[in-house]
Amino acid sequence: MRQLGVFAALGALLLGAVGMLYALGLQGIRAEEERLQAEALGQRARAREAVVAEVAHELEALRTRESARPYDQFRHLYLPPELVTNSVALLVSPLAEEPGPGVAAYFELRDGVLSSPAFPGELLEAEAPTPEAASTLPALRRLQEHVELLPQDGPLVAPRVHEVDPLTCESNLSNEQTLALIDEASRSPQVDAELKGQWEAYRTRRGANDVDPASNYGQQAYVPQNKLSAPLEAPRVEVRVEAFRLFAAASGPDGWPTLLVAARRVQVPATAQTLEPDREWWQGLVLDVDWLRAQARAALAAAAAGLEAGPAPGALEFALSAAASVHGTPLPEPLSGLSVVDPAPPNATDFALARSRGVLHGALALALLVVGSGAWILGRILQAERTLARRRSDFVAALTHELKAPLTGMRAMVELLHDGLVTDPAKQQDYYGSLLQESERLSRLVRNVLDASRLERSLPLATLTRPLELAPTLIGIAESFRTRLEGAGFELEVELDDDLPAVQADPDALHQIVGNLLDNAAKYGVGAEKRIALSARAGAEGVEVRVRDWGPGVPGDEQRAIFERFVRGRSPQEVGGAGLGLAIARAQAEAMRAGLSLEPCDPGACFLLTFPAASA
């Protein structure tokens, strides 16, 4: 019992340890799921930021590229500073050609009048000189509709100052005036001579052989052509030019702005030659939104393809976001109304480690099964121990009663014989016979106790088997029990086949087995017919000995237990006995390589003792 208590305590500790390990395992799985989810969300956020950075890079590259263009090229005709000819000449602006990637159209806005280097005049309704110029008309007309995007006043934002020769400055400031002057020179020798003189003076100041287009719009310090040791002082005009700024119109149905403009202001101060006031105007370009959208989509596809494989990666796509959300990253200004959003961000269920949870739950179920099985086994052992203790107690009480009965009878008969109260010789012989039967009964009880002790220690019972004629042995056993059975009101029937073969058996063990069966039949076989039958017949596998009564029989729930030690079919108050007879009888039969079993019959109980043939 003390060991069972220790085992129960160890089982409780094991159950607690299993519960703790399960909780730690579940906590580890949850932490791993959260880590995987955070890693996936971070990776997707970096992918969105990469898209935003790529769009910003494209915008900045476009603005940087266009900022390098000289301000005087945004008119259809212009006078390049590096051009050196015999007279003033205006060239078509290189911006009149097909715009570069990302540019829908170039423009200038002077005094509310919109013009483009793609058109010879300032009226966009004029017929386009080339197909390239015609392609810019839709963008310029959209700009006409949203010209209010460009503010009309305010100081210049971080302007750069460019030193320009007054002749080229004035020529580029008004193409029409320069063209009129050239036209007048073609008709008037005086005007032509004056214009050539101005141009020769410009050439002298300019220095035709010292041109570096990469420096200050292609202009260097003015060096006279005769290479004087000191440079001549030349008049200069400081033109201020802003960096390009981005302006966007209202967004369309897809969230992209209907018009995106990169524009800058140009300011030319008044000069002593012209005596005109300061001039200021806007120039810039209309961005190709479709091109920018394509660049953004390409960046998005590259970012999505760069996502590592993981549970439920989903997809990234553009959508208009009113405000930046947890799963959205806004594009740079002026596209901040658009956000790179994740329509299906991964959640905790996408990272559920179902296999790990299944393994953990399986381990828990197995551990609980083991602990439960151990508890059940301990409970069965405890119950068996209690049942065995109770049966032992009943056995001691019954054994005391069984020993007391023959001893009391023997003492009474011995006292009668000793005191000479029985003088009849026949009566004395009866008393001696009764004493002999009681002594044999007492010997059987003692032998049963000794055999039970051997069974308790899992030792086989000792038998001395030899070839034995079964018929005379069974008749002798029946006759030894007939008097007592008939005295109890039972009719004993003996049915033996002729020519029963010899069997390998121990006569004493056989007598004890059959005697126990006959004794149990007398105890438990009381029914409508008080009849006991002892029979034997030869079978295919040996000799079968049966002992049957016509009593109530053995209940179904007791048929397997009646061959166990200390198990009795009735309570000790109703029928005496120690509950060892059938257990010892089966052990003795097995020691002789025979078999003892309960055979179904109705009514009553029938016990079958099977002996192999002596030859076997």
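The values are calculated or read from the model by the stated rules, or taken from the named source; none is laboratory data. Just so it is clear, the model here is predicted, and its values are computed rather than measured. Note that each Cβ is placed from the backbone with ideal geometry, even for glycine, and that neighbours are counted across all protein chains shown. To get the accessible areas, we keep the full protein, side chains included, count just its heavy atoms, and leave off ligands, DNA and RNA. Shrake-Rupley method; radii C 1.70, N 1.55, O 1.52, S 1.80 Å.
Assorted remarks:
- The calculated FRET efficiency for the pair Ala8 and Thr408, based on their C-beta separation and a Förster distance of 35 Å, comes to about 0.15.
- In this label model, Val157 and Ser336 are separated by 1.2 nm, measuring between points 7 Å along each Cα→Cβ vector.
- Each label was represented as a point 7 Å from its Cα along the Cα-to-Cβ direction; for Arg187 and Arg35 these points are 9.0 nm apart.
- Couplings 3J(HN,Hα) of the stretch 61-75, computed from phi: 5, 5, 5, 5, 5, 6, 5, 6, 6, x, 5, 7, 8, 8, 9 Hz, in residue order, whole Hz [Karplus 6.51 cos²θ - 1.76 cosθ + 1.60, θ = phi - 60°; x for Gly and Pro].
- Glu238/Arg293 FRET efficiency (R0 51 Å; Cβ-Cβ; nearest 0.05): 0.80
- Computed label-point distance, nm, for sites Ser480 and Gln43 using a 7 Å Cα→Cβ extension: 9.1 nm
- Under Karplus coefficients 6.51, -1.76 and 1.60, residue-wise ³J(HN,Hα) of the stretch 495-505 in Hz, glycine/proline x: 10, 10, 5, 6, 6, 5, x, 5, 10, 8, 8
- Residues with amide H under 5 Å from that of Ser339, placed H, sequence gap 5 or more: Ala319, Ser321, Leu331
- In loop segments of the stretch 407-448 as defined by DSSP, there are no GluC sites (Glu not before Pro) with at most 15 further C-beta atoms inside 10 Å of their C-beta.
- Rounded FRET efficiency, nearest 0.05, which uses the C-beta distance separating Arg386 from Glu493 and R0 of 60 Å: 0.90
- 5 angstrom amide H check on Leu287, placed H, neighbours 5+ away: Ala104, Leu260, Val261, Ala262
- Per-residue HN-Hα couplings for the stretch 17-26 [Karplus 6.51, -1.76, 1.60; θ = phi - 60°; Hz; x = Gly/Pro]: 5, 4, x, 5, 5, 5, 4, 5, x, 5
- Near Leu77, the amide H atoms lying under 5 Å from its own belong to Ser93; only residues 5 or more places off or on other chains count, and H is placed 1.01 Å from N.
- Surface listing: Glu493, Glu66, Glu98 arranged by accessible area from highest to lowest gives Glu98, Glu493, Glu66, probe 1.4 Å.
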